[in-house]
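To keep things clear, I will list the structure first and then write my remarks on it.
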Amino acid sequence: MRILLTGASSFSGMWFAKALAEAGHEVVAALRSEGYEDPLRRARLDRVAAVADVVPGAPFGADAFLELVARRGPFEVLCHHGAEAAGHKRPDFDVAGAVATNTRNADRTLAALKTCGARRLVLTGSVFEEDEGVGEEPRRAFSPYGMSKTLTSRALAQAANDAGLDFVKFVVPNPFGPFEAQTFQRFVMTSWREGRPAHVSHPFYVRDNVPVDLLARTYVAASEGLLGAHVSPSFYAGSVGAFFQRMAAETASRTGWACALTLADSQSFEEPRIRTNSQQLDPHAYGWSEGGFWDAYVDYYANGA
């Protein structure tokens, strides 16, 4: 298939582009920006450019994006992975502004895609949205950012229906792996490499950590229309403390690092205590090696990433 992908400079977006291309699909990656100063994002884009046709300065719904659709179509699938996320942890995150950016000219854009042969819109959602995942009821949005993703999903589902496109929502939990952003996982792995202990202050939250390359293989199947209209992939679902204990064991066995780890005895719960995705992944169905993933992940940090 010919696939138009947004958000390819992000951590998971890079892996999605790679997996789609390895599955034999032709990927055109539309970027919002003309260029990026962040070295990590540039490193991701180097890898995207090796497997996809990268088109900078074409944000979703903008004139440049519509010109891309008209000039470079047909595309069978739009994979809309990009979303406004700057300051996503801030309590004053601009919900209305983010939704406007994520859905700009959606009706016109999806109609244009339909005209040039598109069949499907695959939208990336978040387990932190309202009514997503498994957890304590009611399942409210975690944050203003989570609400922006909720409203984006509702608006684009309606726009896809109006345009006559199949709508697939792919719900992302907490991916981790090589080329991840400045996450707590990166902080922990860097601490261990430098011989420092790591402390987990919120070990009793129950969350869902999915290896990014397994998530990407699932994304391919979703984009091919093989997994239905709502895909909620889950893998290491459990307490945050247990996940980092797993990470310590996997890392220590491959490096000899001490991987010292302490867990808080108690914690406050500013966020919902439990929120995970709902569909447990079978690695064998995707030809995925758990040991191979950990080898690559640990090697990424052992080599100074």
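Annotations
- Between helix 240-255 and the chain: long-axis angle, C-alpha atoms, 0 to 90°, nearest 10: 80 degrees
- In a fully extended conformation the segment linking ARG154 and GLU67 would gain 28.8 nm over its present Cα-Cα distance, using 0.36 nm per residue.
- Nonlocal amide H pairs with ALA237, under 5 Å, H built at 1.01 Å: ASN209
- Between helix 106-115 and the chain: long-axis angle, C-alpha atoms, 0 to 90°, nearest 10: 70 degrees
- If R0 is 22 Å, the Cβ-Cβ spacing of ARG2 and ASN161 corresponds to a FRET efficiency of close to 0.45.
- Qualifying GluC sites (Glu not before Pro) in the stretch 204-305, DSSP loop, other Cβ atoms within 10 Å at most 14: GLU270
- FRET efficiency, ARG108 to GLU136 (Cβ-Cβ, R0 51 Å, nearest 0.05): 0.80
- Annotation for TYR36 and LEU226: the two label points, set 7 Å from Cα along the Cα-Cβ direction, are 2.8 nm apart.
- Euclidean distance between Cα centres, the stretch 135-176 to the stretch 80-122, Å: 11 Å
- Residue with peak Gaussian network fluctuation, the chain [Cα springs, cutoff 10 Å], from LEU20, LEU165, LEU261: LEU261
- Taking Cα atoms only, the orientation of helix 212-223 departs from the longest principal axis of the chain by about 30 degrees.
- The share of alpha-carbon pairs in the stretch 17-86 lying farther apart than 20 Å comes to 29%.
- Placing a label point 7 Å from the Cα of GLN267 along the Cα-to-Cβ direction, the residues of the stretch 199-228 whose backbone N falls under 20 Å of that point are 199-211.
- Relative contact order (%) - the chain, alpha-carbon pairs under 8 angstrom, separation at least six: 17 percent
- Translational diffusion coefficient (Stokes-Einstein; Kirkwood radius from C-alpha pairs) of the stretch 6-148 at 20 °C, 1.002 mPa s, in µm²/s: 133 µm²/s
- Debye log10 I(q)/I(0) for the stretch 167-222, one point scatterer per Cα, at q = 0.20, 0.22, 0.26 Å⁻¹: -0.86, -0.96, -1.13
- Looking at the chain, the DSSP beta bridges with both ends there are about 15 percent antiparallel.
- Derived scalar couplings ³J(HN,Hα) [the stretch 139-147; Karplus, 6.51 cos²θ - 1.76 cosθ + 1.60; whole Hz; x for Gly, Pro]: 8, 6, 4, 5, 6, x, 4, x, 5
- Alpha-carbon Debye profile of the stretch 193-275, log10 I(q)/I(0) at 0.14, 0.20, 0.24 Å⁻¹: -0.64, -0.96, -1.11
- The mean of 1/r over all pairs of different alpha-carbon atoms in the stretch 155-305, once inverted, gives a Kirkwood hydrodynamic radius of 17.0 Å.
- Within straight-line cross-link reach of LYS89, lysines at Cα separation under 24 Å, skipping those fewer than 8 residues along the same chain: LYS149, LYS169
- Once the Cα gyration tensor of the chain is diagonalised, semi-axes √(5λ) in Å: 33, 22, 18
- Dimensionless Rg/Rh of the stretch 100-199 - Kirkwood Rh, Rg from C-alpha atoms: 1.13
- Most mobile of ASP38, ASP63, ASP213 in a GNM of the chain (Cα contacts under 10 Å): ASP38
No lab work stands behind these numbers, since they all come straight from the coordinates. If you're wondering where the values come from, they're calculated on a predicted model, not measured in any experiment. FYI the Cβ positions are ideal-geometry reconstructions off the backbone, even for glycines, and counts take in every protein chain you see.
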